[in-house]
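> Let me give you the structure first, and then I'll get to my questions.
Since every read-out is calculated from the coordinates, none of them should be taken as a lab result. Keep in mind that what you see is a predicted model, and the values were worked out from it rather than measured. No Cβ is skipped: glycine too gets one built from the backbone with ideal geometry, and neighbour counts run over all protein chains shown.
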Amino acid sequence: MAGVLYVVATPIGNLADLSPRAAEILGQVVAVVAEDTRRSGVLLKGLAVRPRLISLPGEQEERRIPLVLEQLGSGDVALVSDAGTPAISDPGRRLVAAAREAGFQVVAVPGPSALVAAVSASGLRADRFLFLGFLPRTKSRSQRLLEAADSWALVFHESPHRLAATLEWAAEVLGSRRVAVAREISKLHESWYLGTAAELAAQFRADPPRGECTVVVEAPPGKRAVIDG
């Protein structure tokens, strides 16, 4: 019987955030497809389960899809990322699309998501927001993207060693709009920083952060997001 591809959200820090349903699914599948099998192996060891582990690094996703589809032919498979919800700024979208195209059922197992957690706990006006993933690596492209989304609240991820520079670029576009930076959400040293992009850029230049960061930019005052059509 053909298997089901479960898209399973896993903890972004605190292992207690794994849902009972997610734990049950991970304990019954024949294989787990993971961005980094070493990280996922730690989670599975904690659950005392030993499904087959199949690596799915982003640069090899297309090449490894046939292997996963073959595995689905003999049983259920779970797709996980290093942390959070798969296929959002992580590998997995192509696999999900290929599984659907091949006729397999795809089922979401919702759970932790850094972008949703950051918006919900930021206190900023962000009832409508655009998620930008990781911004481009050049100043001009990043600023064009931010300018194109000027009327929206924004959420994006950034690595700690690029955060100060990214916020410096953003400050030229965002002006005095309020920004929240969430660092290490749900982990022991979770930290929050609020201010303008320029203020936070200066702070992180002086004291570089550690760990992955999620940035929330408040919607501009007096504007509503406009959707053409």
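> Per Stokes-Einstein, at 37 °C and 0.692 mPa s, what whole-number D in µm² s⁻¹ belongs to region 50-127, with the Kirkwood radius over Cα pairs as the hydrodynamic radius?
Numbers: Rh = 14.1 Å.
The diffusion coefficient I find is 232 µm²/s.
> Still on this structure, please answer the following. Equivalent-ellipsoid semi-axes (√(5λ), Cα gyration tensor) for the chain, whole Å, largest first?
Semi-axes, largest first: 35, 19, 15 Å.
> Only bridges whose two residues both fall in the chain count here: according to DSSP, what percent of them are antiparallel, nearest 5? Working shown, then result.
Numbers: 17 of 37 bridges.
Just about 45 percent of them are antiparallel.
> Next up: First select every other residue whose beta carbon is under 15 angstrom from the beta carbon of residue 120; then total the charges, Lys and Arg +1, Asp and Glu -1.
Numbers: positive: 125, 128; negative: 17, 127, 190, 218.
Here the count lands on -2.
> Using a Förster distance of 25 Å, how high is the FRET efficiency between residue 206 and residue 137, based on the Cβ-Cβ distance and rounded to 0.05?
On the way: r = 23 Å, r/R0 = 0.92.
Computed FRET efficiency for residue 206 and residue 137 comes out at 0.60.
> Contact order normalised by length for the chain, with contacts defined as Cα pairs under 8 Å and 6 or more residues apart; what percent is it? Let's see the in-between values first.
Working: 451 pairs, mean separation 49.3, N = 229.
Relative contact order of the chain: 22 percent.
> Counting only Cα, what are the radius of gyration and maximum Cα-Cα distance Dmax of region 114-217, in Å?
Using the Cα atoms of region 114-217, the pair Rg, Dmax is 12.3, 36 Å.
> Can you tell me the FRET efficiency between residue 59 and residue 159 if r is taken as the Cβ-Cβ distance and R0 is 25 Å, rounded to the nearest 0.05?
On the way: r = 17 Å, r/R0 = 0.69.
Once the sixth-power term is evaluated, E becomes 0.90.
> Ok, one more. Once phi is turned into ³J(HN,Hα) by the Karplus curve 6.51 cos²θ - 1.76 cosθ + 1.60 with θ = phi - 60°, what whole-Hz value does each residue of region 124-133 show in order, with x for glycine and proline?
Rounded to whole hertz, the list is 8, 6, 8, 5, 10, 9, 10, 9, 9, x.
> Which FRET efficiency, nearest 0.05, do residue 100 and residue 191 yield, Cβ-Cβ r, R0 30 Å? Spell out each step's value before the answer.
Values: r = 39 Å, r/R0 = 1.30.
Efficiency, rounded to the nearest 0.05: 0.15.
> Restricting to region 4-109, compute how many DSSP beta bridges are antiparallel as a %, nearest 5.
5 percent
> Also: Per the Kirkwood treatment, what hydrodynamic radius in Å, one decimal, follows for region 4-109 from the mean inverse distance over all distinct Cα pairs? Present the calculation step by step, with values, prior to reporting the outcome.
On the way: mean 1/r = 0.0750 Å⁻¹.
About 13.3 Å for region 4-109.
> Tell me, what ³J(HN,Hα) does each residue in region 185-195 have, in order and in whole Hz, if you take phi through Karplus 6.51 cos²θ - 1.76 cosθ + 1.60 with θ = phi - 60° and put x for Gly and Pro?
Karplus values, whole Hz, x for Gly and Pro: 4, 6, 8, 4, 9, 4, 9, 10, 9, 10, x.
> Can I ask one more? How many angstrom separate the Cα center of region 26-51 from the Cα center of region 155-192?
31 Å
> Can you pull out the trypsin sites (Lys or Arg not before Pro) in region 141-205 that DSSP calls coil and that have at most 16 other Cβ atoms within 10 Å?
On the way: sites: 141, 144, 162, 177, 178, 183, 187, 205; in loops: 177, 187.
Listed in order of number, the matching sites are 187.
> Amide H to amide H, which residues 5 or more places from residue 178 or on other chains are under 5 Å from it, using H placed in the peptide plane?
Here 218 satisfy the definition.
> Which ³J(HN,Hα) values in Hz, rounded to whole numbers, follow from the phi angles of region 160-168 under the Karplus curve 6.51 cos²θ - 1.76 cosθ + 1.60, where θ = phi - 60° and Gly and Pro get x?
For region 160-168, the Karplus-derived couplings read x, 6, 10, 4, 4, 5, 4, 5, 5 Hz, x marking Gly and Pro.
> Can you give the calculated 222 nm mean residue ellipticity of the chain, where each DSSP H run of n ≥ 4 adds -39,500 (n - 2.57) and the sum is split over every residue, rounded to the nearest 500 deg cm²/dmol? Intermediate results must be reported in sequence, preceding the final value.
On the way: 8 runs with 84 residues, N = 229.
Counting only the DSSP helices, I get -11000 deg cm²/dmol.
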